[in-house]
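**Student:** Right, I'll just put the structure down here and ask away after.
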Amino acid sequence: MMVPLRRTLLLRYLLLSTALALLLFLTSFWLPQGEQRGCGSVWQPCLTYHIQTPLAPPIVDERAESDEAPPLVKDCPGQTFQARELLRFLRSSLAEDDEDVLLEPYLLSWDQLLNFMESLGTMVSFFSQKVREKTELIRQLSLKRSSESRSAGSSGLQTPAAFGLKTGAYRSVRSMVEAELQAGTVSFSRRTDSGCRTLLRLHRSLLWLKLMLEGLSEGPDAEGRFKTPGELSRDAYKVALAPHHPWMLRQAAEIVFLALPDREYFLQLVCVQKQEEATPVLRIIIHALSVVHTRTQRLLAKYNMLELP
């Protein structure tokens, strides 16, 4: 009796290993490899990223809940992901004078979202690694532009005084888009390592996470059953990312969703114990994510960048 059981377990292990190998192989074509940070065990947080994005995003009232105090969103001592910090960076990314999104706090928001993803275990790190490479690429492009600006300035050319995430070409989504279009960095027919193309990939992943959190904020169905985080992640993936991934990568993603921890673990990441406590906290975060996503969507749509190769 033990031999068939061992053979079954071995077969499952080989299938899982094959799927993970395919995932690593396919994702290696996205961007150059970046640094990956480990995060505790598979089920513990650290202690001490397609259907196309909708062309007509829902209208979000940016003033709604803006005065709602974050007492509901607590600090969570002992873990890397902090929902309160995520909320602060998301709100800070909203430029007050227009419909723009400031890139520095936007990327800091992603740093927190990466902490969230990596807290879900080593399986999710295959996705988070590629996201981290994209945030780092935008930062590197900003530094490169800044260096080129200083060099050009020393030769007497008329250029802005500074480029970077606080001022200049990469201060915001709009300024980056306009600067890269003017410089001819963006291609509408082939893949390039432009900030605009990279931002589009982050934008799709942001939708995936937002949809997953929306599912976690909902109550049980008519039969009193809660969807598992794996089911919610799969549903969100089909809407936000699957249409932009090759077939083999979509199949490998299924393995990742099966390995996600249970709902209670997700609730602990936002420092609550019960679904009744989690719903209002998650809705505050979801609202902030929706505002940032809607602004970015409008800007990318304005410059016809929603389908960059």
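**Student:** Mind telling me which of the residues MET117, MET123 ends up being over 21 Å from LEU300 (Cβ atoms) and either at pLDDT 85 or above or in a helix (DSSP H, G or I) (or both)?
**Tutor:** MET117
**Student:** Here's another thing I want to ask about it. Residues ARG283, ARG250, ARG234, ARG295: which one is in a helix (DSSP H, G or I) and in contact with a strand residue (DSSP E or B) (Cβ under 8 Å, 6 or more places away or on another chain)?
**Tutor:** Being in a helix (DSSP H, G or I) and in contact with a strand residue (DSSP E or B) (Cβ under 8 Å, 6 or more places away or on another chain) holds for just one of ARG283, ARG250, ARG234, ARG295, which is ARG295.
**Student:** Being modelled with pLDDT under 95 and either more than 30 Å from ASP100 (Cβ to Cβ) or of a type in the set (Ser, Thr, Tyr) (or both) narrows it down to one residue among VAL270, VAL256; which is it?
**Tutor:** VAL256
**Student:** Go through region 253-280 and give me each residue that's part of a helix (DSSP H, G or I) and open to solvent by 40 Å² or more (accessible area, probe 1.4 Å).
**Tutor:** Within region 253-280, GLU254, ILE255, LEU258, GLU264, GLN268, GLU276, GLU277, PRO280 meet the criteria.
**Student:** Hey, another quick one. Quick check: is even one residue across region 173-180 buried (at least 19 other Cβ atoms within 10 Å of the Cβ), in a loop (DSSP other than H, G, I, E, B) and modelled with pLDDT under 95?
**Tutor:** no
**Student:** Across region 209-252, what is the number of residues that are within 25 Å of THR279 (Cβ to Cβ) and open to solvent by 20 Å² or more (accessible area, probe 1.4 Å)?
**Tutor:** 19
Residue-wise test of (1) out of contact with any Gly (no Cβ under 6 Å at 6 or more places or on another chain); (2) under 19 Å from ILE286 (Cα atoms); (3) in a helix (DSSP H, G or I); (4) aliphatic (A, V, I, L, M).
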| site | (1), (2), (3), (4) |
| --- | --- |
| THR185 | yes, no, no, no |
| ARG191 | yes, no, no, no |
| ARG197 | yes, no, yes, no |
| LEU202 | yes, yes, yes, yes |
| LEU207 | yes, yes, yes, yes |
| MET212 | yes, yes, yes, yes |
| GLY215 | yes, yes, yes, no |
| GLY219 | yes, yes, no, no |
| GLY230 | yes, yes, yes, no |
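The values are calculated or read from the model by the stated rules, or taken from the named source; none is laboratory data. Predicted model, so just to flag it, every value in this text is computed and none were measured. Note: ideal-geometry Cβ built from the backbone for every residue, glycine included; neighbour counts use all protein chains shown. Accessible surface is based on the protein model in full, side chains and every heavy atom, while ligands, DNA and RNA are left aside. Shrake-Rupley method; radii C 1.70, N 1.55, O 1.52, S 1.80 Å.
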